[in-house]
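Values quoted throughout were computed directly from the atomic coordinates according to the rules given, and no laboratory measurement underlies them. Keep in mind the model is a prediction, meaning the values are calculated, not measured. Virtual Cβ from ideal backbone geometry, glycine too; neighbours counted across all protein chains shown.
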Amino acid sequence: MSYTQTLQDTARALVAARKGILAADQSPRTIDKQLEAIGVKPTAEMRRKYRQLLFTTPNIEEYVTGVILHDGTIRNHTDDGTLFSDLLIAKGIIPIIKVDKGTVPHTNFSGEVLTQGLDNLRDRLEEYYNMGARAAKWRAVFTISEHTPSEQNILFDCMTLSRYAALCQEAGVVPIVEPEVLFSGNHSLERAEAVTTQVLQKLFEQLQWYKIDLSGVILKSSMVLAGSEYAQQTPAEEVAQATMRTFMNSVPKEVPSIVFLSGGQTPQRATENLDAIAELEAQEGGFPWELAFSFSRGIEQPVQEAWKGKEEKVEEAQRALIKRLQLNSMADQGTYDPSME
C-alpha cells in the first residue's frame with residue numbers, strides 16, 4: 001500500500017458515518033481545573049482513573065473512530081496495566097496524539113499567542129507511531145477583537161501548522177490541523193465569518209505552498225457563530241449557513257474531511273448546531289467533505305458531572321458518555337431533536 005493511500009485510508013476511517021472523534025487531550029493543568037470544578041482533588045491517579053472511565057466504556061467504538069490523547073495519556077494504562085493506546089486499538093479506535101506544546105505570547109503583538117512544539121517533532125512522531133498513533137493534532141488559537149487577529153499572527157501560525165503537517169505525513173501520520181477561532185468575545189456573526197474565512201484561506205494557501213498532500217489532512221474547525229458575549233446569539237440555522245459558506249469559500253475539495261470542535265459551547269448547543277449543519281447538507285445535496293464531530297467538553301462535561309470522582313458512579317458516568325455520543329451521532333445524521341436530551 002502506498003504512502004498516500006495509507007494516509008487517505010486513515011483520514012477516511014476517522015470520519016466514518018455516524019461516528020466522531022473524542023478529544024481527550026486536555027493538558028494536566030486543564031484537566032486538573034475540570035476535576036476541581038466537580039470537587040475532585042486533582043492528582044495524576046485521578047486523571048488516570050478518569051481517562052480509564054472514558055476508554056473502557058462499553059460500546060464506545062460504536063460512536064468513536066479515534067481518541068485524541070495527551071503525551072501523558074498515551075503513556076498511561078488501565079488498572080491491569082494495559083496501555084490506553086493498546087486498549088483503544090483493540091476496540092478498533094485509532095489513537096491520535098496531540099503534539100503541540102501549547103501557546104506563548106506573540107512578542108510585539110499584544111493579546112495574541114503563538115503555538116509552539118516543533119522542536120524534536122520528527123523524533124516524537126516516530127516514537128508515537130511506534131506506540132500506535134496514526135494521526136496527530138496541532139492547535140493554533142486566534143482571538144477576535146477590534147485589532148486581532150493580525151495578519152502576522154495568522155501567517156506565522158499557518159506556517160507552523162504547515163511544517164507540522166509535513167513532518168506528520170513524512171512519519172506516516174495523518175495531520176489534524178486545528179486553527180481555532182475562539183468563541184469567547186463580543187464579536188458579531190459577520191466578524192466571526194470574516195475572520196474564520198481569512199484564517200482558513202491563509203492556512204490552505206500555506207499548506208499547498210509547503211506541498212502538503214491535502215488528501216491526507218483533516219481540518220478541525222470552529223463553527224462560525226457570534227461571540228459568547230455578543231448580545232444576539234446565533235440561531236442554529238444561521239450557524240450552519242455561515243459555517244458552510246465559510247468552508248465553501250476556503251477549504252479545497254481535496255481535503256477529505258472536516259471535524260468540528262465544540263469550542264466553549266454547551267453540550268446541547270454544540271449538538272444542536274451540528275444537527276443544523278447536517279440538515280443543511282441534506283438540503284444542499286451534500287458537501288465536498290465528510291463532516292463529523294470532535295468535541296471535548298461538549299461530550300465530557302456531563303460525564304464529569306455524573307462521575308465526581310466516585311468509583312460507584314463510574315457506570316453512571318459511562319452511560320452519560322454513551323448518551324452524549326448517541327445524541328451527536330444522531331446530530332451528525334440530522335436526526336437529533338432537543339427533546340432527546
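Structure summary
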| quantity | calculated |
| --- | --- |
| Unit charges at the beta carbon, dipole of the range 3-340: most positive-side option, His106, Gln233, Met248 | His106 |
| Packing-based exposure ordering (other Cβ within 10 Å, fewest first) of Ile218, Ile277, Ile144, Ile38 | Ile38, Ile144, Ile277, Ile218 |
| 222 nm mean residue ellipticity, helices alone, for the chain (DSSP H n ≥ 4; -39,500 (n - 2.57); rounded to 500) | -14500 deg cm²/dmol |
| Charge-dipole axis of the chain as Lys and Arg at +1 and Asp and Glu at -1 on Cβ define it, positive-most pick from Gln198, Leu87, Pro149 | Leu87 |
| Given charges at beta-carbon only (K, R positive; D, E negative), |dipole| of the chain in Debye | 680 debye |
| Percentage relative contact order, the range 201-318, counting C-alpha pairs under 8 Å, at least six apart | 26 percent |
| Nearest-0.05 FRET efficiency for Leu155 and Glu127, computed from C-beta distance (R0 35 Å) | 0.70 |
| Charge dipole magnitude, Cβ of K and R +1, D and E -1 - the range 1-156, Cα centre, debye nearest 20 | 300 debye |
| Stokes-Einstein D in µm²/s, Kirkwood radius over Cα pairs - the range 212-341 at 10 °C with 1.306 mPa s viscosity | 102 µm²/s |
| Cβ charges +1 (Lys, Arg) and -1 (Asp, Glu), total dipole of the range 139-227, debye | 160 debye |
| Ellipsoid equivalent to the range 3-340 - semi-axes via the Cα gyration tensor, in Å | 28, 24, 21 |
| Whole-angstrom gap from the range 307-341 to the range 271-288, using each part's C-alpha centre | 21 Å |
| Bridge type composition, the chain - antiparallel percent by DSSP, nearest 5 | 10 percent |
| Of Lys202/Lys253; Lys101/Lys202; Lys19/Lys202; Lys220/Lys253, those spanning more than 27 Å from alpha-carbon to alpha-carbon | Lys19/Lys202 |
| Residue exposure sequence - Asp332, Asp79 - by fewest surrounding Cβ within 10 Å | Asp79, Asp332 |
| Simple spin-label estimate for Asn108 and Glu62 in nanometres, 7 Å along Cα-Cβ | 5.6 nm |
| Interchain or long-range residues, amide H under 5 Å from His77's placed H | Phe84 |
| Ranking of Lys220, Lys137, Lys323, Lys33 by count of other Cβ atoms within 10 Å, fewest first | Lys33, Lys323, Lys220, Lys137 |
| Label-to-label distance, nm, for residues given as Gln116 and Met248 (7 Å Cα→Cβ offset) | 4.2 nm |
| Separation in nanometres of the label points that stand 7 Å from Cα toward Cβ, at Asp79 and Glu146 | 5.7 nm |
| Extended-chain gain in nm, criterion 0.36 nm per residue less alpha-carbon gap, Gln326 and Thr43 | 98.9 nm |
| Relative contact order for the chain, counting Cα pairs under 8 Å that sit 6 or more residues apart, in percent | 18 percent |
| Chain lengthening between Glu316 and Glu36 when straightened (0.36 nm per residue, less Cα-Cα) | 98.8 nm |
| Segment Thr335-Lys308, length gained on full extension (0.36 nm per residue, minus Cα span) | 6.6 nm |
| Distance from the range 212-229 to the range 106-138 (C-alpha centre basis), Å | 18 Å |
